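These notes are about the structure you will find just below.
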Amino acid sequence: LDEAYRIVAMIPSAEEYLALNLSVGWRKTSDRLAIEKALSNSTICLCALQGDRIVAFVRVIGDGSITFYIQDLIVIPECQRKGIGRKLMQAVMDFIKTNAAPVAYVGLMAAVNVEGFYRPWGFTRRSDDRPGMDMVLRREE
Ligand SMILES: CC(C)(COP(=O)(O)OP(=O)(O)OC[C@H]1O[C@@H](n2cnc3c(N)ncnc32)[C@H](O)[C@@H]1OP(=O)(O)O)[C@@H](O)C(=O)NCCC(=O)NCCS
């Protein structure tokens, strides 16, 4: 069955993580050790596997109790729009609900055209008086 896949809690290799990011046009550091540290410090990594090939990925970062951020949700282009992203998101939300304190914060950064994808789980856009802020820190080598 070509469509069959399973969702497993698994840390991908740095190469697999980079290939997933590259497949959706996201540039990431290619520092292997930095990626391995980042993935192993995550609250959980979930992969959708077709055979032994990772076709989708998501991880949760945070304190594992009252703060959770959903990070790096990626479905490889050839597998998009087949329900895999929704299944993976559902698995992530199940994990968070199982592990969260009675009141917990769940955040994520959405691209403007992907906002609608997250709404079914109750995510709403932050208001203008609660702006999200960020930066990219670059240490010159
Ligand atoms: C966005 C992404 C994770 C969605 O996963 P997917 O497997 O393609 O989506 P699904 O097939 O599970 O779609 C689930 C539902 O969300 C909707 N949806 C999918 N992509 C959407 C998008 N970009 N915007 C709005 N709704 C979307 C689908 O229409 C579907 O609803 P329906 O069943 O009523 O039609 C995936 O397309 C992806 O990895 N994109 C590139 C990377 C990215 O943008 N990641 C998100 C970071 S913010």
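Each value in this text was obtained by applying a stated rule to the coordinates, not by laboratory testing. Predicted model, so just to flag it, every value in this text is computed and none were measured. Cβ sites come from the backbone with ideal geometry, for glycine too, and all protein chains shown count toward neighbours.
Looking at segment 1-29, which of its residues are small (Gly, Ala, Ser) and surrounded by 12 or more Cβ atoms within 10 Å (Cβ to Cβ)? Passing the criteria: 13, 14, 19, 23. Whenever a residue of segment 103-129 is under 20 Å from residue 83 (Cα atoms), its partners that are hydrophobic (A, V, I, L, M, F, W, C) and away from the ligand (no atom under 12 Å from the Cβ), lying with C-beta atoms within less than 6 angstrom and at least six residues away or across chains, give the pairs 121/93.
Can you tell me which residue in segment 85-126 is surrounded by the fewest Cβ atoms within 10 Å (Cβ to Cβ), limited to those that are near the ligand (Cβ under 9 Å from one of its atoms) and of a type in the set (Gly, Ala, Ser)? Top of the filtered list is 111. Among residues of segment 82-102 that are under 14 Å from residue 55 (Cβ atoms), those with a Cβ under 7 angstrom from a residue that is aromatic (Phe, Trp, Tyr) and within 16 Å of the ligand (Cβ to nearest atom), sequence gap 6+ or separate chain, pair up as 84/5; 85/117.
Which members of segment 64-121 meet the condition of being out of contact with any helix residue (DSSP H, G or I) (no Cβ under 9 Å at 6 or more places or on another chain), small (Gly, Ala, Ser) and on the phi > 0 side of the Ramachandran plot? Scanning segment 64-121 gives a single hit, 83. Before we move on, is residue 11 part of a strand (DSSP E or B), more than 9 Å from the ligand (Cβ to nearest atom) and under 14 Å from the mean Cα position of the chain (by Cα)? So residue 11 does not fit the description; no. Considering only residues in segment 21-64 that are touching a Ser or Thr at 6+ places or on another chain (Cβ under 6 Å) and among the hydrophobic types (A, V, I, L, M, F, W, C), the one that is nearest to residue 4 (Cα to Cα) turns out to be 60. No other residue among 116, 107 is part of a strand (DSSP E or B) and farther than 16 Å from residue 45 by Cβ apart from 107.
For segment 51-84, how many residues meet the condition of being aliphatic (A, V, I, L, M) and surrounded by fewer than 16 Cβ atoms within 10 Å (Cβ to Cβ)?
Count: 1.
When residues in segment 43-84 are screened for being within 12 Å of the chain's Cα centre (by Cα) and within 16 Å of the ligand (Cβ to nearest atom), 18 of them pass. Sub-8 Å Cβ pairs linking a first residue in segment 130-141 that is more than 13 Å from residue 29 (Cα to Cα) to a second residue that is among the hydrophobic types (A, V, I, L, M, F, W, C) and assigned to a loop (DSSP other than H, G, I, E, B), at least 6 apart or interchain, are 132/109; 134/109, ordered by first then second residue.
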